[in-house]
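The values are calculated or read from the model by the stated rules, or taken from the named source; none is laboratory data. Computed from a predicted structure; not experimentally measured. We place every Cβ from the backbone using ideal geometry, glycine too, and count neighbours over all the protein chains shown.
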Amino acid sequence: MDETPYNMHGVTMSEFLKLPILLYEATGNPWYKHLTITSLNRLFKEDGLPDGLFTSAEWLQGRGIRHSHETCNAIDMSWTLGCFLEILQDARYADRIEKIVFNAGLGSVTNDFKALQYYSSVNQFLATGTSNHNKDFYCSTWMAFRPTH
């Protein structure tokens with residue numbers, strides 16, 4: 001097995017993880033089931049954060065505690081895990097969805113849902129236009145709560 005860390009866009013990774021589980025459902029081939037479970041476990045081993053999501057400031061970033069993730073990843077990974085839950089009937093995927101939604105998802109939006117952070121981080125205690133500490137530092141205001149990113 002290739003030990004090279006995953007290197008791709010976070011949302012793309014979530015989308016790719018759906019493919020083998022859907023192929024498993026369609027064909028019953030256990031190889032697809034093994035592939036998808038192994039890949040999901042590896043993603044969270046290499047890039048997982050305590051809030052249930054994986055790091056992804058556009059690209060997978062590793063497990064560094066200062067790394068962040070995009071709000072869209074919380075939604076897309078929840079959808080992917082919903083496929084896992086429906087097909088495999090394993091409550092562990094429901095638990096992970098719950099952790100992502102109530103930690104990474106709700107932590108990246110305001111209580112009234114009128115603003116969000118494009119990037120949010122587990123240990124982020126400032127959410128201002130100058131608090132972006134992402135590795136690639138795309139836009140300085142992407143870690144602030146704003147009506148749009």
Within the stretch 16-56, how many residues turn out to be touching a strand residue (DSSP E or B) at 6+ places or on another chain (Cβ under 9 Å) and closer than 20 Å to Glu98 by Cα? 10
From the option list Thr27, Thr4, Thr12, Thr38, single residue qualifying as under 12 Å from the mean Cα position of the chain (by Cα) and loosely packed, with under 15 Cβ neighbours inside 10 Å is Thr12
Condition first: surrounded by 11 or more Cβ atoms within 10 Å (Cβ to Cβ) and among the charged types (D, E, K, R). Now tell me which residues in the stretch 41-55 satisfy that. Arg42, Glu46, Asp47, Asp51
Specify the residue that is modelled with the highest pLDDT; the eligible residues are those in the stretch 99-137 that are surrounded by fewer than 19 Cβ atoms within 10 Å (Cβ to Cβ), hydroxyl-bearing (Ser, Thr, Tyr) and over 17 Å from Gly64 (Cβ atoms). Thr110
I'd like to verify a number: residues in the stretch 1-56 that are in contact with a helix residue (DSSP H, G or I) (Cβ under 6 Å, 6 or more places away or on another chain), over 20 Å from Ile75 (Cα atoms) and part of a helix (DSSP H, G or I), how many? 6
